[in-house]
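Q: To start, I am sharing the structure in question, which I have written as structure tokens.
Just so it is clear, none of the values below were taken in a lab; they were calculated from the coordinates. Small disclaimer: the values here were computed from a predicted structure and weren't measured.
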Amino acid sequence: MTILHAIILGIVEGITEYLPISSTAHLVLASDVLKLTQTEFLKSFEVIIQSGAILAVLVLYWRKFFDVELLKRLVVAFIPAGIIGYGLYSLIKSTLIGNTSLTLWVLGVGGLALILFEKYYFKNRAFQITELSQMSYSTCFKIGICQALSVVPGVSRAAATIVGGMTLGVSRSVIVEFSFLLAVPTLVAATALDIFKNPSVFESGNFGLLAVGFVISFITAIIAITWLLRYIKGHTFTAFGWYRIIIAMLGAILL
């Protein structure tokens, strides 16, 4: 891997982490396009540069993390992903991450699901939960279960969280914000676990690549978050569904 590769992957991570299009899928596909071998370092690199995207949320929403009641909700929502991510860590790293065929199928099917939900389920629906403070612990836990599905590359943590939340009656703007915030404990835990399991990732020859990926991811994540907040004020997620299907089809043809 070169510095240019780290820059490209950092851009991909930052832009896609908080959009419902699967950052993991895009990193896998980008790695294939760049002809990068799926080494243990590359797999860990793709996980660790998420910390740049985490910092973006902390910078934009730092005041929220002083709200004790909100923190409790985030902890409850994190529990399912924490248990499943830890329990299935070996399977995720050895079998799921880097599996291009699986990623493309899930990316495409997820796109179709997003379109159908928007057309037939969310259209003209009144959402009862319009504030973060109105979310019950039960609702948060169920959203967490939805988020846990994203251990499969292509599902998209953001998409699973957002669709799950809206299905449970959470308004579009509230669940998008909650998805941003929930990413912090989820991605911190994923990054910490990966570093613990693979401490050699910080060898001197790799640190520069990780630093570049981190910084680029941070900058592009801020741009993506700001853009998405403006976008959802007047749009549904249907366009993201079509985008997922197109990328899956292109990936199948080219890769």
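Q: Roughly what % of Cα-Cα distances in the chain sit above 29 Å, to the whole percent? Don't jump to the answer; show the numbers that get you there.
A: Numbers: 7940 of 32385 pairs.
When every Cα pair of the chain is considered, 25 percent fall beyond 29 Å.
Q: Still on this structure, please answer the following. Please state, rounded to one decimal and in Å, the Kirkwood hydrodynamic radius that region 196-255 gives when every pair of distinct Cα atoms enters the mean of 1/r.
A: On the way: mean 1/r = 0.0667 Å⁻¹.
Every distinct Cα pair counted, the radius reaches 15.0 Å.
Q: Across 5 Å bins from 0, what is the distribution of all Cα-Cα pair distances for region 93-194, in whole percents?
A: 2, 13, 21, 22, 19, 13, 7, 3, 0
Q: Radius of gyration and Dmax for region 56-142's Cα atoms, expressed in Å?
A: So, for region 56-142, Rg and Dmax equal 17.3, 43 Å respectively.
Q: Go through region 67-79 residue by residue and turn each phi into a ³J(HN,Hα) via Karplus (6.51, -1.76, 1.60, θ = phi - 60°); whole Hz please, and just put x for glycine and proline.
A: 8, 4, 5, 5, 4, 4, 5, 5, 4, 4, 5, 6, 3
Q: How many Lys pairs in the chain lie less than 18 angstrom apart by Cα atoms, where the lysines are 8 or more positions apart or on different chains? Mind dumping the intermediate values first?
A: Numbers: LYS35/LYS43; LYS43/LYS93; LYS43/LYS197; LYS64/LYS72; LYS72/LYS142; LYS93/LYS197; LYS119/LYS233; LYS123/LYS233.
Lysine pairs meeting both conditions in the chain amount to 8.
Q: If you find the alpha carbon centre of region 69-105 and of region 1-39, how far apart are they in angstrom?
A: 18 Å
Q: Further question: Counting just the Cα atoms, what span does region 124-253 cover along each of its three principal axes? Round to the nearest Å and put the largest first.
A: Computed over region 124-253, the largest-to-smallest principal extents equal 54, 39, 26 Å.
Q: Another question, then. Once you keep just the Cα pairs under 8 angstrom separated by 6 or more residues, what percentage relative contact order results for the chain?
A: On the way: 371 pairs, mean separation 103.4, N = 255.
This gives 41 percent for the chain.
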